[in-house]
Amino acid sequence: MTRGEGLMWIRMLGVALVGMIVVVLWGAWYLWRRFTRMTESLEQLTARLGEVGEVAEQIDLEGLQQSVDGSASP
């Protein structure tokens, strides 16, 4: 192998290494972005479930059952 071929192989190896680093960094950034979006969605869902829970706590189940049975006083 001549010196020119050796330099060509070193250059190709460097380009491949830089390419792999770029792909790994891009993949990590993409996964991080998806994770943060999923976390935001879960936070919104948790907040909505909390609101539903507050509404559910305000429902008078005994009064509701009595009105269904017809035994509720007007």
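Just so you know, all these numbers are worked out from the coordinates, no wet-lab data involved. Since the structure is predicted, the reported quantities are computational estimates derived from the model, not experimental observations.
What is the ratio of the Cα radius of gyration of the chain to 2.2 N^0.38 Å, where N is its residue count, to two decimals?
2.81
What residue among GLY27, GLY19, GLY63 shows peak mean-square fluctuation when the chain is described by a Gaussian network model with Cα springs under 10 Å?
Most flexible of the set in this elastic network: GLY63.
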